[in-house]
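The values are calculated or read from the model by the stated rules, or taken from the named source; none is laboratory data. In this text, all values refer to a predicted model and were calculated from it rather than measured experimentally. Cβ atoms come from the backbone with ideal geometry, glycine included; neighbour counts cover every protein chain shown.
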Amino acid sequence: MRSSSSSRAVAVWVMTGVIMLLIQVVLGGITRLTGSGLSITEWNVVTGTLPPLNHQQWMDAFDKYRQTPQFRLINADFTLSDYKFIFFWEWFHRLWARLVAVVFVVGLAWLLWKKKMRQEMIRPLVILFLLGALQGAVGWIMVASGLTGDAIYVRPTRLALHFVFALGLIVYAFWFALQLLVPERDIVRTPVAGKGSGVRPLTILILVVVFFQLLYGALMAGNKAAAVAPTWPTINGDWIPPGLFSQRPLLQDIIGNTITVHFIHRGIAYLLLLLVAIWTILACRVPHSSAAFRKVRWLPLLLIVVQIILGITSLLTSPGIIPNRWVAFDWLAQLHQITGLLFLLTIVGMLYLVKPVRHSVTV
């Protein structure tokens, strides 16, 4: 699917979508950090595109928010001005999702009209569209979980599910774009045994570990677990904190016990640092590596170091969290998330670049 003008046009379109999806995740992080996610209590795909346009419409939207448990339990002192602030971020988050859909549909129509879409490209794009629609549905299910009973935030598990689906969508689109953009000369063929043979299996392992790390990052956010242990390198003075794995059933503990979630998230970070350091050493030993691979093989180690530093500084500044105000913790947490996304895409790129040697069968 590479090396033609039609492939490049489709690739540019898909990469534009990847960038927009990354921005969407960043907007989702801002929405969460500002406590804005439950400000819009309805999901109107078309009519919800525009914000309230006059005072009466603003009061109607505010009245609906005042019926939510979040308002009654923690934001009862909100003024209309306060509400407009949190409304903006949730509305913009949803608007950007709509813009992503528009770019997809309009771009697809243009490419079909210009006859730049080949038959083998159709199936991946249909899957991409379905994943996007599913992500929107999961987003509303997540929001709905915080609008009933005594919930003041969305459920952490649904937040994590929403985040994971977003990552899956981004990775799928990115992989498709790589198929269209990366020339064969940049692919590194590693031997089955000997120098460089362990790079691809280790890349796959790192990708699996990154998935769980990002999942636990979402659980950290959903459970607001950063502030439970704002110390480093120990966890509140202990290497093995009390209360760890103390809840039953165990599944509830590892997804809902803040200290357990915190402990696992830290532990996976250290494991990733070790694995990426080993990967870098092995990558430097790959024989006959391409120029492109030699340029980027240091990137995973650089990103994971930056990611850990941002994670540590986020923890240390978490005591300064002020509800409904953007402080140092929020900046660092947002940068921490962005670096994590870039690290994920880097590992996916490495998996695409490093492939096993092709074996030909002779008769």
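Structural remarks
- Restricting attention to the stretch 297-341 and to residues that are aromatic (Phe, Trp, Tyr) and surrounded by fewer than 15 Cβ atoms within 10 Å (Cβ to Cβ), the residue that is modelled with the highest pLDDT turns out to be 298.
One line per residue, one yes/no per condition, for (1) surrounded by 18 or more Cβ atoms within 10 Å (Cβ to Cβ); (2) closer than 30 Å to residue 355 by Cβ:
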| residue | (1), (2) |
| --- | --- |
| 211 | no, yes |
| 218 | yes, no |
| 233 | no, no |
| 236 | no, no |
| 249 | no, no |
| 257 | yes, no |
| 276 | yes, yes |
| 287 | no, yes |
| 295 | no, yes |
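- Test: residue in the stretch 32-53 that is over 30 Å from residue 322 (Cβ atoms), assigned to a helix (DSSP H, G or I) and out of contact with any helix residue (DSSP H, G or I) (no Cβ under 7 Å at 6 or more places or on another chain): yes
- Residue match in the stretch 202-218 (condition: at pLDDT below 75, assigned by TED's automatic domain parsing to the domain that holds residue 298 and either out of contact with any Phe, Trp or Tyr (no Cβ under 6 Å at 6 or more places or on another chain) or acidic (Asp, Glu) (or both)): no
- Condition check for residue 175: modelled with pLDDT of 75 or more, under 27 Å from residue 281 (Cβ atoms), assigned to a helix (DSSP H, G or I) and outside the structural domain of residue 259 (by TED's automatic domain parsing): yes
- Residues of the stretch 284-330 that turn out to be closer than 23 Å to residue 231 by Cβ, in contact (Cβ under 8 Å) with a residue 12 or more places away in the chain and among the small types (Gly, Ala, Ser), as a count: 3
- First in the stretch 258-283 and under 16 Å from residue 234 (Cα atoms), second anywhere and surrounded by fewer than 18 Cβ atoms within 10 Å (Cβ to Cβ) and among the small types (Gly, Ala, Ser), Cβ under 6 Å, 6 or more apart: 259/243
- Qualifying residue in the stretch 274-289 (condition: modelled with pLDDT under 90, assigned by TED's automatic domain parsing to the domain that holds residue 204, under 20 Å from residue 190 (Cα atoms) and of a type in the set (Lys, Arg)): yes
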